Amino acid sequence: MSEDVAPPPQPVPVLADLIARRWLALTLIAWAAMSIWFVHDRWNAVYWLSLGDTDDNMRLMQVRALLDGQGWYDLRQYRMNPPTGFDMHWTRIVDLPIAALILVFRPFMGSFWAERLACGIAPLLPMSVTLVALAFTVRRLVSPFAWPLAAILLLMCTTTMLMFMPERIDHHGWQLASLAVTVAGLADPARRRGGLVVGVASAFSLSIGLEMLPYAAGAGSIIALRWVWDRAEAPRMTAYGAALASGSALGYLAFASYANAALRCDALTPVWLSVMVAAGGLLMLLGWIDPASRAARLAAAGLAGAAIIGGFAGLFPQCLGRPEQVSDELQRNWLNNIREAKPVYTHPFRVYFPVIVLPIIGIFGAAIATWRARAQANFAAWAGILLFTLLSGGLLLWQSRAGAAAQLLGVPGAVALAWIVLPRCLESRSMLVRVFGTVGAFVLVSGAFAGFVVKWLPVDKPSVRSKTVDRASARCPTFAALKPLDRLPPQTIFTFIDLGPRLITVTHHRAVAGPYHRNGGAILDVQHAFGGSAERFRAIARAHGARLLLTCPNMAESTIYRTRDKGGFYDRLAAGEAPPWLKPVPMPARSPLRLWRIE
């Protein structure tokens, strides 16, 4: 910590010793307390298996298939797009803790409760890793007493915390945990250990999915730049390169599905495995050669980077565009319209302002901490974190889905800033400053003021139409609404794309499509069927073996077919013009769903 930073108020010796020396145990105790509270607070969602996102539902289906005997490397979802199914681009890594919890609970309480408790508890596991990694980082870079503040500020990261909530069983929580571990590795003064940690964390994250690829590339670039600046960083770089290359290879061998053996661009396939092994090998080679001149090191690093980029472009030109590799029509009608894939500024101010506040504070705090550490041993670590937070802020201008990572990466800088400001307030001679100044400073430094700002902004009164859409979108995917369908024999049901994963999770039926790019052909079939003529719908439904049609009037997806495809099959069906070969099937009296038999 810089000498001109105001020292924190001195705790009583026993408490100081406890906080500084028992930080790991206390962090885990804090995590356990948070976990108990979150499960209690969201118990209704746990009970009703309210997997609110399509990916969470598909993750549970993947776990069920594994427990039912589906092959380890077989990631095909056979209950969607029957009879062949379609291949998911995920791996089994995130399935493991969920499956393990189910196996632990099932002998004592049966499958019903085992699945619910597993889905409630599993997302909290990566939160423990995240808390420990953040505690390690701020202890190294700010103060041994600062780690509780990091835990508090993490709780203020509302977008980040949503990824750790009960029922959020998709892979984002584990990838955020890997990102926090990456930052801890960059902050580690033990060079070999730090490089090893960053390499393993990057390989682990990439073996789960490619969402954090920009951060993995950023971490590798930061480690290379540190070596260029300081030759003593060579051990960190060689350890990182070895861990990245070997970790990626092991991740591919242990977890890549049969489908990911192809030269695809959307997962850790041979394409990205080649890149990671080559990048790791080149960084190891540079670390061993270790030129004495800084200019020579910069030139060597530049040549290595150019070789990696040039080799990628030359060997895998198909991956220079979007990694999903979908058709122009699917990209135009579906991918380009996903809200989280749009820049953060395209959303309403009241939506994006609370997301960007803490990342901005984190950048500001990391910049100040870097400047104050300019003559100290931890300068390189702070400079790396500053570059990382700038990267995450830039990614927000590309896709708003970067918000969770940006908030997480803003925590170390915000803690550093708080550790400068709060002690000055607490040590003031004025009681007003000590009380109100400290509270006000915390509200500002933590970004908590964003919530107050949003509350005071004028709110457009929602229209009756938007209320209707919100209500339908919330009611139709519920357990209570869908479960009555199990009174019918198992069969393929034609329904909305966004309803497909939930349908196959809650019932024993099959669905045609879900919102996954490798299911692109079926997605277009659903869009063509609902947007085209009645006879075209009938032909597409028959081609997929669908004998039932399930709709949710006024669900968000239905509004697309009514506005974009006026006069099409769904538009006319919603207007009450059902063709004679559609026969209504009774549903419970208050059901939000409508069901027809296709004859």
Members of region 215-240 that are in a helix (DSSP H, G or I) and either without any contact (Cβ under 8 Å) to a residue 40 or more places away in the chain or open to solvent by 40 Å² or more (accessible area, probe 1.4 Å) (or both): Ala216, Ala217, Ser221, Leu225, Trp229, Arg231, Ala232
Matching entry among Leu162, Leu155, Leu186, Leu149 (being open to solvent by 10 Å² or more (accessible area, probe 1.4 Å) and either of a type in the set (Gly, Ala, Ser) or over 18 Å from the mean Cα position of the chain (by Cα) (or both)): Leu149
Test set (1) of a type in the set (Ser, Thr, Tyr); (2) open to solvent by 20 Å² or more (accessible area, probe 1.4 Å); (3) not in a helix (DSSP H, G or I) - Ser143 fails condition number: (2)
Qualifying strands (runs of 3 or more DSSP E) (wholly inside region 514-599; at least 2 residues being closer than 20 Å to Ile497 by Cβ): 546-551, 594-598
Filtered residues of region 480-524 (kept if β-branched (Val, Ile, Thr) and modelled with pLDDT under 95): none
Of all residues making up region 444-463, the number that are outside any helix (DSSP H, G or I) and open to solvent by less than 80 Å² (accessible area, probe 1.4 Å): 5
Any hit, region 380-390, residues being outside any helix (DSSP H, G or I) and without any contact (Cβ under 8 Å) to a residue 60 or more places away in the chain: no
Residue list for region 197-213, restricted to those being more than 17 Å from Val132 (Cβ to Cβ) and either in a helix (DSSP H, G or I) or of a type in the set (S, T, N, Q) (or both): Gly199, Ser202, Ala203, Leu206, Ser207, Ile208, Leu213
Qualifying residue in region 268-288 (condition: at pLDDT 95 or above, in contact with a His (Cβ under 7 Å, 6 or more places away or on another chain), open to solvent by less than 40 Å² (accessible area, probe 1.4 Å) and not in a helix (DSSP H, G or I)): no
Any hit, region 344-363, residues being within 30 Å of Trp419 (Cβ to Cβ), part of a helix (DSSP H, G or I) and touching a Cys at 6+ places or on another chain (Cβ under 7 Å): yes
Qualifying residue in region 96-106 (condition: among the small types (Gly, Ala, Ser), under 27 Å from Ala203 (Cα atoms) and either surrounded by 21 or more Cβ atoms within 10 Å (Cβ to Cβ) or modelled with pLDDT of 95 or more (or both)): yes
Failed item, numbered, when Phe452 is tested on (1) at pLDDT below 85; (2) under 30 Å from His544 (Cα atoms); (3) among the hydrophobic types (A, V, I, L, M, F, W, C): (2)
Breaking point among (1) farther than 30 Å from Ile497 by Cα; (2) over 22 Å from the mean Cα position of the chain (by Cα); (3) open to solvent by less than 70 Å² (accessible area, probe 1.4 Å), for Phe388: (2)
Any pair with Cβ under 7 angstrom, 6 or more apart, that starts in region 80-93 at a residue that is over 12 Å from Ser257 (Cβ atoms) and modelled with pLDDT under 95 and ends at one that is of a type in the set (Ser, Thr, Tyr) and buried (at least 18 other Cβ atoms within 10 Å of the Cβ): Pro82/Thr492
Enumeration of residues in region 566-592 that are in contact (Cβ under 8 Å) with a residue 12 or more places away in the chain, of a type in the set (D, E, K, R) and surrounded by fewer than 16 Cβ atoms within 10 Å (Cβ to Cβ): Lys583
The listed residue being among the basic types (Lys, Arg) and part of a loop (DSSP other than H, G, I, E, B), out of Arg193, Arg168: Arg168
Breaking point among (1) over 22 Å from Ala405 (Cα atoms); (2) part of a helix (DSSP H, G or I); (3) open to solvent by 70 Å² or more (accessible area, probe 1.4 Å); (4) aliphatic (A, V, I, L, M), for Leu330: (3)
Qualifying positions in region 464-506 - in contact with a strand residue (DSSP E or B) (Cβ under 8 Å, 6 or more places away or on another chain), part of a loop (DSSP other than H, G, I, E, B) and open to solvent by less than 40 Å² (accessible area, probe 1.4 Å): Leu488, Gln491, Thr495, Phe496
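The values are calculated or read from the model by the stated rules, or taken from the named source; none is laboratory data. Given the structure is predicted, the values throughout are model-derived calculations rather than measurements. Here the Cβ is made from the backbone with ideal geometry for all residues, glycine too, and neighbour counts use every protein chain on show. Ligands, DNA and RNA are stripped out before the accessible areas are found, and what is left, the full protein with its side chains, is counted by its heavy atoms. Shrake-Rupley method; radii C 1.70, N 1.55, O 1.52, S 1.80 Å.
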